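Peer 1: One structure is given below, represented as structure tokens, and several questions about it will come after.
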């Protein structure tokens, strides 16, 4: 059954040719200033990373490892250096662990009594808190 869903939605959401050519990109107007871009791409401080980590609700859905935000809040004094180093390393172009970018796909029915794969809508459950 899983293979049927994978095949159906893979074909539905795949594209043989890119939708946006470089010519179209050149026509798009930039909506962000150079200053804002620099602020958004600078390496976050330890305090900024901690603030974001503690804004996550303690009982929000856990990641694939089973750890909820409660773990990070309660163990912050132990894991802070590793978490901060990892996040900051991403801004220096270090390679991200593939596991961090996992996405779980779940299908929910679009109709009361679904009978075909087309009667389901996929939703993604990202392994991040964005």
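Peer 1: As I understand it, the value is the acute angle between the Cα axis of helix 46-55 and the longest principal axis of the Cα atoms of the chain; what does it come to in degrees, rounded to 10?
Peer 2: The two axes meet at around 50 degrees.
Peer 1: For the chain, find the longest principal axis of its Cα atoms and tell me its angle to the long axis of helix 76-91, 0 to 90°, nearest 10.
Peer 2: Orientation of helix 76-91: about 70 degrees from the principal axis.
Peer 1: A follow-up question, please. For helix 2-12, what angle does its Cα long axis make with the longest principal axis of the chain, in degrees from 0 to 90 and rounded to 10?
Peer 2: Result, in degrees: 90.
Peer 1: Would you kindly compute the Cα radius of gyration of segment 44-96 and its largest Cα-Cα separation (Dmax), both in Å?
Peer 2: Looking at segment 44-96, its Cα Rg and Dmax stand at 11.5, 32 Å.
Peer 1: Continuing with this model, one more query. Mind computing the radius of gyration and Dmax over the alpha-carbon atoms of the chain? Å is fine for both.
Peer 2: Computed over the Cα atoms of the chain, radius of gyration and Dmax are 19.9, 52 Å.
Peer 1: Of 87, 79, 24, which has the largest mean-square fluctuation in a 10 Å C-alpha GNM of the chain?
Peer 2: Per the Cα network of the chain with a 10 Å cutoff, 24 tops the list.
Peer 1: Given points 7 Å out from each Cα along the Cα-Cβ axis, report the residue 42 to residue 103 separation in nanometres with one decimal.
Peer 2: About 3.1 nm separates the two model spin labels.
No value in this document is a laboratory result; all are computed from the given coordinates. Here the structure is a predicted model, which is why all the values come from computation and not from measurement. Neighbour counts run over all protein chains shown; Cβ positions are idealised from the backbone, glycine included.
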